[in-house]
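Participant: Quick one: the structure is below, questions incoming.
The values are calculated or read from the model by the stated rules, or taken from the named source; none is laboratory data. Keep in mind that what you see is a predicted model, and the values were worked out from it rather than measured. Every residue, glycine as well, gets a Cβ built from its backbone with ideal geometry; the counts of neighbours run over all protein chains shown. Protein only, heavy atoms only, side chains kept; ligands, DNA and RNA dropped before computing areas. Shrake-Rupley method; radii C 1.70, N 1.55, O 1.52, S 1.80 Å.
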Amino acid sequence: MPDRAPLRIGLRIVLAEDAALLREGLLAILERAGHEVIAAVGDAEALLAFTDHTRPDVVITDIRMPPTHTDEGLRAAAELRRRHRDLAVLVLSAYVADAYLAELLDTTGGGGIGYLLKDRVGHVRDFLDSLDRVAGGETVVDPQVVRGLLSRHQPDGPLDVLSEREREVLALMAEGRTNGSIAAALFVSEAAVRKHVGNIFAKLRLDPTTDRRVSAVLAYLREA
């Protein structure tokens, strides 16, 4: 599991979920954690309107929203990231749907991105930890989604320059883990993890003026 550092409080959040029971449950979790839910809505149109008006720190949205219950929430999130470059977005999905993930990752914007399965909400501390990381500008993807992507990896991709261990480290980075958490999962030292991370950055030729950890994770997820 990710390191259990103290979580930030006081995030201003717009929440979009059409299932009233889940929406109220999320609202209660977020408010108990010290966040301010400035709007809790049930459709993509309201999500767009309230986010434009209130400029929250984070948007949390279901992918499937009325009226068609397909990808309205995802499309609204992508549009909001185009309008507000620093907006952090945490997307919730009932199923592993990596096609949706690719669309989200291809949106512009400088804020954090999260993609979690709804089951993760039941693990309250994990959910809040992921929210905290997304609000801080990180990319956090549900471990179950990462495992599915890893199992379908195709050869001859841009990440084939990485060793097997480096790919393991990068997959754990995609889950939002810190170096300390990765070290514990792989039973190695943090110094070893730092070396692997440095090798990943060098082999992928990532721009040192950017957040290379985020860039590496995005490269991994796009290829997988």
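Participant: Report yes if some residue within the range 8-25 is assigned to a helix (DSSP H, G or I), closer than 15 Å to Val91 by Cα and touching a strand residue (DSSP E or B) at 6+ places or on another chain (Cβ under 9 Å); otherwise report no.
Facilitator: So far as the range 8-25 goes, yes, one or more of its residues are assigned to a helix (DSSP H, G or I), closer than 15 Å to Val91 by Cα and touching a strand residue (DSSP E or B) at 6+ places or on another chain (Cβ under 9 Å).
Participant: Val121 - would you say it is at pLDDT 85 or above, under 20 Å from Val58 (Cβ atoms) and among the aliphatic types (A, V, I, L, M)?
Facilitator: no
Participant: Which one of the conditions (1) at pLDDT 75 or above; (2) crowded, with 18+ Cβ neighbours inside 10 Å does Ala224 fail to meet, given that it meets all the rest?
Facilitator: (1)
Participant: Still on this structure, please answer the following. Quickly run through the range 55-77 and pick out the residues that are in a helix (DSSP H, G or I) and farther than 19 Å from Val134 by Cα.
Facilitator: Glu72
Participant: Being under 14 Å from the mean Cα position of the chain (by Cα) and assigned to a helix (DSSP H, G or I) is the filter here; which residues of the range 78-95 pass it?
Facilitator: Ala78, Arg81
Participant: Also, quick follow-up: Of all residues in the range 12-25 being among the acidic types (Asp, Glu) and surrounded by fewer than 22 Cβ atoms within 10 Å (Cβ to Cβ), which is modelled with the lowest pLDDT?
Facilitator: Top of the filtered list is Asp18.
Participant: Sticking with this structure for a sec: Just checking, how many residues over the range 124-155 are assigned to a helix (DSSP H, G or I), of a type in the set (Val, Ile, Thr) and at pLDDT below 90?
Facilitator: Of the residues in that region, 2 qualify.
Participant: Are any of the residues in the range 3-10 at pLDDT 95 or above and surrounded by 14 or more Cβ atoms within 10 Å (Cβ to Cβ)?
Facilitator: Scanning the range 3-10 turns up no residue that is at pLDDT 95 or above and surrounded by 14 or more Cβ atoms within 10 Å (Cβ to Cβ).
Participant: Between Arg165, Arg85, which is at pLDDT 85 or above and open to solvent by 60 Å² or more (accessible area, probe 1.4 Å)?
Facilitator: Arg165
Participant: Of the residues Tyr115, Tyr95, which single one is surrounded by fewer than 22 Cβ atoms within 10 Å (Cβ to Cβ), among the aromatic types (Phe, Trp, Tyr), out of contact with any Gly (no Cβ under 6 Å at 6 or more places or on another chain) and at pLDDT below 90?
Facilitator: Of the residues listed, the single one that is surrounded by fewer than 22 Cβ atoms within 10 Å (Cβ to Cβ), among the aromatic types (Phe, Trp, Tyr), out of contact with any Gly (no Cβ under 6 Å at 6 or more places or on another chain) and at pLDDT below 90 is Tyr95.
Participant: Would you check if there is a residue in the range 26-44 being touching a strand residue (DSSP E or B) at 6+ places or on another chain (Cβ under 7 Å), of a type outside the set (Phe, Trp, Tyr), open to solvent by less than 40 Å² (accessible area, probe 1.4 Å) and under 21 Å from Gly110 (Cα atoms)?
Facilitator: No, that holds for no residue.
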